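To start, the structure under review is shown below, and the notes come after it.
The values are calculated or read from the model by the stated rules, or taken from the named source; none is laboratory data. Source: prediction; values computed, not measured. All Cβ positions, even for glycine, are placed from backbone atoms using ideal geometry, and neighbour counts span all protein chains on display.
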Amino acid sequence: MDDDDRVDDKIEETRRRVQRRTLAVVMAGQVLGGAGLAAGITVGALLAQEMLGSEALTGLPIAMFTFGSAFTAYLVGRISQRAGRRVGLAAGFAAGAVGASGVVLAAAIGSVPLLFASFLVYGAGTATNLQARYAGTDLASPATRATAVSLALVSTTVGAVAGPNLVTPLGELARSLGLPALAGPFLLAAVAYAAAGAVLFLLLRPDPLLLARELGAGHEPVAGGQHTGVRSAAYLGAAVMVVTQIGMTAVMTMTPVHMQAHHHGLGAVGMVIGLHIAGMYLPSPITGVLVDRVGRMPMVVASGVVLAAAGLLAAVGPGDSLWANIVALVLLGVGWNFGLVAGTALVVDGTELGDRARVQGKVDVLIALAGAGGGLASGAVVSAWTYPALGLGVAALTVVALGAAVARWRPAARPAL
């Protein structure tokens, strides 16, 4: 074995060792971050409805914190590009904690302007939780990228599923503090986001993105010089995640309002949203393996099929049936999961390490804006037509948009390192 081989072996061993540590720290942060993001999903629309007294604008809080997440995704991407994942992710979670605290204060004093401003800042936590998945890919090999993404995502399940199922006890805690019951989940969000930021800032050392640069990853020519072909993978990945985000956010936003209109209690709403979030994140280890082994495109197709089924069931299922709501929302989460893992892998495949964090931030801006549009439009659609019309629209959107994306796909020779 010559000196070059020994150096390469040492670099590879360092990469693997730090990758294991990175995944462990990211997973710990995601458990806490998941608890924070669940608050807005579960009771955000209900809190707005309670304070506004109108159903037409109940999609506005989701839209506000999604717009906030879009701005934060850009900033976290830029900060991570310059200072590393550790600083970028910690700053994003800290902002999310401030926003959650603002929502609690707005509910306490009955201030609608403060509520919407706080939702905007609260969206920073959502964006950061999503951006953290990229930290697991910086030191991963091309053949294990989707699996690395899946491990980061599945960790979100613990906190994200627990959060909605704590709606009732958190509501009681809020009342005991003289706050509206619906402010309770945001108390948890403030603490959870602050803790997630602290974990990443203190423990994500060495920084995976900075170390990957030091080890020389990403300096080979992109896909044998086929730069345009590889870039198309990033474009496709972005398109897949945008479409799945629109469909998922639209139905998810209005389901709590739809359920309350059919006399389901807050406990039932929390359970349905909790199972929906489980569907979003729990399948991740299996999804990651499938994306790596079966391929990116088959899983994109699977995402479209499952999301369309969720939309159809939301449209035809009886609103007073708890099981119909559960199955529709679980399918909605699983379809989103397929699209997110496959889309993320495509984006990493289609970018070089030198500008990867910046591009990833821009992609997540598009995802967040898509979610904001879906959340904002959902309330208007249900108010003007019906919740079943929303479900049918989502089914049609996913079939047409993802079908068009798959039809236009032209693969590159190999993923970029």
Among the residues of region 68-75, is there at least one that is in contact (Cβ under 8 Å) with a residue 24 or more places away in the chain and over 18 Å from the mean Cα position of the chain (by Cα)?
no
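Here is a yes/no grid of residues against (1) farther than 25 Å from residue 74 by Cα; (2) part of a helix (DSSP H, G or I); (3) among the acidic types (Asp, Glu); (4) free of Cβ contacts under 8 Å to residues at least 60 places away in the same chain:
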{"site": "308", "(1), (2), (3), (4)": "yes, yes, no, no"}
{"site": "314", "(1), (2), (3), (4)": "yes, yes, no, no"}
{"site": "359", "(1), (2), (3), (4)": "no, yes, no, no"}
{"site": "374", "(1), (2), (3), (4)": "no, yes, no, no"}
{"site": "407", "(1), (2), (3), (4)": "yes, yes, no, yes"}
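Suppose the filter is of a type in the set (Ser, Thr, Tyr), closer than 21 Å to residue 210 by Cα and either over 19 Å from the mean Cα position of the chain (by Cα) or part of a loop (DSSP other than H, G, I, E, B) (or both); does residue 128 pass it? Working first, answer last.
Numbers: of a type in the set (Ser, Thr, Tyr): yes; closer than 21 Å to residue 210 by Cα: yes; either over 19 Å from the mean Cα position of the chain (by Cα) or part of a loop (DSSP other than H, G, I, E, B) (or both): no.
In short, no.
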Being in a helix (DSSP H, G or I), among the aliphatic types (A, V, I, L, M) and closer than 14 Å to residue 337 by Cβ is the filter here; which residues of region 277-299 pass it?
277, 278, 280, 286, 289, 290, 291, 299
Go through region 162-276 and tell me which helices (runs of 4 or more DSSP H), entirely inside it, have 2 or more residues that are at pLDDT below 90 and under 30 Å from residue 320 (Cβ atoms).
167-176, 184-203, 227-261
Region 132-154: number of residues that are surrounded by 22 or more Cβ atoms within 10 Å (Cβ to Cβ) and touching a Gly at 6+ places or on another chain (Cβ under 7 Å):
7
Picking from 142, 180, which residue would you name as being touching a residue at least 12 places away in the same chain (Cβ under 8 Å) and either of a type in the set (Lys, Arg) or closer than 18 Å to residue 292 by Cβ (or both)?
142
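Among the residues of region 314-323, is any within 16 Å of the chain's Cα centre (by Cα) and either surrounded by 19 or more Cβ atoms within 10 Å (Cβ to Cβ) or modelled with pLDDT under 90 (or both)? Break it down stepwise before answering.
The first filter runs over region 314-323 and keeps only residues within 16 Å of the chain's Cα centre (by Cα), leaving none.
No, region 314-323 contains no residue that is within 16 Å of the chain's Cα centre (by Cα) and either surrounded by 19 or more Cβ atoms within 10 Å (Cβ to Cβ) or modelled with pLDDT under 90 (or both).
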Expected single match for under 25 Å from residue 37 (Cβ atoms) and either under 16 Å from the mean Cα position of the chain (by Cα) or surrounded by fewer than 24 Cβ atoms within 10 Å (Cβ to Cβ) (or both) among 379, 339, 311 is 339
Residues being without any contact (Cβ under 8 Å) to a residue 60 or more places away in the chain and farther than 13 Å from residue 212 by Cα - total across region 14-29
3
